[in-house]
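First comes the structure, then the notes that go with it.
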Amino acid sequence: MSENDALPVLLGQHPVRDLQDIEKGQLCKQERQPSEDDIAVVTTHLKYCEKVVLNFGLVFALAQGASTPAVAWFIAEAVDALQARDPDNVMKRMGPILIKIGAIALIQFLLGFLWQSCLAWAAAKQSKRWHLSFVGVLLSLDVSWYDEHEPAGVAAKLEADINNVHFFMSKTLGFLIASFAQFMGGLVFAMITGWQLALVVCATIPILLFFGHLLGKEIAQQTIDQQRDFAQAATVAEESIMAIRTVAAFGGEGKATARFEKELLSAKLGGIRTGAKIGFAAGGLNLFYSCFLGLPLLFGGHYLLSHNDVNKTGMVTVIFAMCVAVSGLISFSGFLPILAKAVASAKAMKQMMAAERVIEPPLHTMGELPDKLQTIDTIEFKSVSFRYPTRPEKWVLQNFSFRVEKGQKIALVGESGCGKSTTIQLLERFYDPRGGEVLVNGIQLCKVPVKAWRQLIGYVGQEPVLFATSAMKNIKAGDDSISDEQVMEAAKGAQIYETLMGLPDKFETFVGAGGGLLSGGQRQRLAIARALAKSPQLLLLDEATSALDNESERMVQETLDSLLG
Ligand SMILES: Nc1ncnc2c1ncn2[C@@H]1O[C@H](COP(=O)(O)OP(=O)(O)OP(=O)(O)O)[C@@H](O)[C@H]1O
Ligand SMILES: [Mg+2]
């Protein structure tokens with residue numbers, strides 16, 4: 001843009017075109033839908049061989065649970081043996097029964113060991129993968145995503161979600177399967193031995209289904225609400241800690257704590273509200289257990305024995321089999337809340353993984369720039385209109401046009417809030433325009449691979465952000481192809497070389513969190529050195545001196561003057 005037409009266009013003198021035309025500017029939208037809606041969602045991130053190991057674990061857990069009711073049979077045999085009058089005869093009959101009990105105990109030990117090992121292994125693998133992929137996902141989300149979500153809260157929530165799924169898979173899933181198999185095994189055993197009694201037991205199952213469903217639903221909802229509330233509270237805490245100097249300078253420690261408490265209050269109130277519903281459901285489950293045991297005892301005692309449909313040993317077997325089944329059911333329902341929590345967490349994580357990217361899908365390799373774009377010859381804004389997704393009612397740019405040729409140095413001049421930084425963000429392609437086109441060498445910028453494009457650009461923001469590492473690593477910004485010599489040259493170009501050489505460990509000096517161990521001017525010049533080290537074809541400087549005092553501004557201005565020639 002020539003300096004002359006910058007201001008009028010930035011102030012938006014031209015009428016906006018038809019809104020629908022402008023919305024068509026979103027050319028590179030990717031459609032993604034989260035799909036699975038069941039328990040399998042907790043295994044989303046397992047590889048094929050890990051799923052095989054997991055399934056083996058589940059089979060072992062199933063076998064362990066299903067073999068447990070055999071004890072009822074042995075106990076019934078033992079009760080039968082105890083009825084013998086002769087003590088020697090009792091001991092003779094007890095021996096083989098004890099051996100069978102010992103054998104089943106050994107089998108249970110082996111099966112328990114196997115499923116625990118398999119599931120813990122698969123859970124550990126998946127947890128590591130969730131962690132790894134989330135760093136990638138969080139870094140590949142559109143910049144605009146962070147306009148709507150708090151970065152600090154997102155990290156805290158993800159950690160809690162990963163832990164929920166890991167805990168479920170490693171510590172709960174096996175017990176859940178084993179206890180269900182124990183329940184089913186006990187019930188089947190009871191059916192075979194005395195089907196009338198077993199049917200009475202089944203009549204109580206709808207009570208279980210109703211209250212169990214209520215419990216699971218409430219706990220899942222509570223998990224989602226509480227995680228949201230705690231993430232918000234964590235955001236407040238992290239914000240205050242990150243800005244500790246400002247908080248301390250304004251004596252804001254008390255206020256920050258009060259804000260934190262206020263956020264926690266919502267989690268507390270939500271917990272109390274759902275607590276009552278969960279209590280009702282848990283009480284209902286107790287009602288079920290009582291019916292489960294009481295009804296068959298009543299029915300068996302009064303009806304079956306009087307009608308001689310079942311003998312006393314059979315009755316003892318059925319009752320013990322039902323006790324084993326009930327204890328399996330109690331364990332099973334106890335694990336359901338953890339299942340509900342893990343499913344809610346896994347779904348939330350899956351949704352996050354599938355978050356829509358407007359700018360570019362997450363690619364592991366950098367797309368190649370077209371031949372025509374090896375050097376930047378022209379940049380053109382053609383009737384660009386833009387509004388931020390979080391503030392759709394306010395147009396920041398309207399029909400904004402300018403053209404820059406290779407070698408030109410241009411400045412955007414305008415009042416605060418008129419859209420200078422926004423223009424730079426459109427050039428970085430943090431956002432796509434809502435209307436019009438941003439063209440580079442005549443190619444629409446939204447059709448250019450974004451990572452490769454950003455490699456061509458050096459960017460210094462209004463408030464430079466440095467990482468908590470050495471000056472050297474900050475200037476390289478993770479790009480190992482930049483040599484130490486190039487870093488030195490860039491530091492000289494940014495007039496920070498002498499300053500860095502004067503530090504205790506020279507370029508290896510740790511600059512503190514956010515560069516807090518350097519002065520504002522030093523931080524800004526380090527950020528300029530970082531931009532220069534990339535040998536960029538396009539240097540974007542967004543009011544690189546705006547946040548500085550007079551002396552620092554003078555030094556940085558000298559640096560910029562020397563760069564701009
Ligand atoms: N991420 C965002 N989400 C919503 N609105 C935003 C966002 N960033 C900036 N804005 C709004 O867009 C408008 C233009 O902001 P911009 O930062 O481009 O102004 P600027 O010209 O750089 O101002 P300054 O000279 O103060 O830096 C402002 O009204 C601002 O409030
Ligand atoms: Mg700005």
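Among the residues of the range 495-521, none is identified as in contact with a Leu (Cβ under 6 Å, 6 or more places away or on another chain), in a loop (DSSP other than H, G, I, E, B) and small (Gly, Ala, Ser). If you go through the range 234-248 one residue at a time, do you hit one that is farther than 30 Å from Cys291 by Cβ and not in a helix (DSSP H, G or I)? Within the range 234-248 (the criterion being farther than 30 Å from Cys291 by Cβ and not in a helix (DSSP H, G or I)), the answer is yes, since at least one residue qualifies. In the set Val396, Val413, only one residue is over 22 Å from Trp453 (Cα atoms), touching a strand residue (DSSP E or B) at 6+ places or on another chain (Cβ under 7 Å) and within 13 Å of ligand 2 (Cβ to nearest atom); that residue is Val396.
Whenever a residue of the range 438-454 is more than 13 Å from Glu368 (Cβ to Cβ), its partners that are assigned to a helix (DSSP H, G or I), lying with C-beta atoms within less than 6 angstrom and at least six residues away or across chains, give the pairs Val438/Leu426; Val438/Leu445; Asn441/Lys372; Asn441/Leu373.
Here's the yes/no breakdown for (1) free of Cβ contacts under 8 Å to residues at least 60 places away in the same chain; (2) basic (Lys, Arg):
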| residue | (1), (2) |
| --- | --- |
| Leu369 | no, no |
| Thr378 | no, no |
| Phe381 | no, no |
| Val384 | yes, no |
| Val396 | yes, no |
| Gly407 | yes, no |
| Lys420 | no, yes |
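Elements of the type helices (runs of 4 or more DSSP H) sitting completely within the range 65-161 and holding at least 3 residues that are modelled with pLDDT under 85 and over 30 Å from Val42 (Cα atoms): these cover 70-82, 87-140.
Of all residues in the range 234-257, those that are among the β-branched types (Val, Ile, Thr) have Cβ atoms under 8 Å from Cβ atoms of residues that are part of a loop (DSSP other than H, G, I, E, B), 6 or more apart or on another chain, in Thr235/Glu150; Thr246/Gly252. One residue alone among Val440, Val384, Val413, Val448 is of a type in the set (A, V, I, L, M) and in contact with a Gly (Cβ under 7 Å, 6 or more places away or on another chain), and that residue is Val384.
Considering Ala533, Ala452, Ala527, the condition of being among the aliphatic types (A, V, I, L, M), within 30 Å of Phe381 (Cβ to Cβ) and within 16 Å of ligand 2 (Cβ to nearest atom) is satisfied by Ala527 alone.
Within the range 111-131, can one find any residue that is within 38 Å of the chain's Cα centre (by Cα), free of Cβ contacts under 8 Å to residues at least 12 places away in the same chain and either surrounded by fewer than 19 Cβ atoms within 10 Å (Cβ to Cβ) or more than 26 Å from Val318 (Cα to Cα) (or both)? Looking through the range 111-131, at least one residue is within 38 Å of the chain's Cα centre (by Cα), free of Cβ contacts under 8 Å to residues at least 12 places away in the same chain and either surrounded by fewer than 19 Cβ atoms within 10 Å (Cβ to Cβ) or more than 26 Å from Val318 (Cα to Cα) (or both). Out of Thr246, Thr274, one residue alone is β-branched (Val, Ile, Thr) and within 22 Å of Pro337 (Cα to Cα). It is Thr274.
Screening the range 434-485 for residues that are closer than 21 Å to Lys406 by Cβ and within 16 Å of ligand 1 (Cβ to nearest atom) and picking the one that is surrounded by the fewest Cβ atoms within 10 Å (Cβ to Cβ) gives Tyr459. Answer with yes or no whether Ser401 is over 24 Å from Glu543 (Cα atoms), away from ligand 2 (no atom under 16 Å from the Cβ) and either outside any loop (DSSP other than H, G, I, E, B) or of a type outside the set (D, E, K, R) (or both). No, not satisfied.
The values are calculated or read from the model by the stated rules, or taken from the named source; none is laboratory data. Keep in mind that this is a model prediction, so the values were computed, not measured. Neighbour counts run over all protein chains shown; Cβ positions are idealised from the backbone, glycine included.
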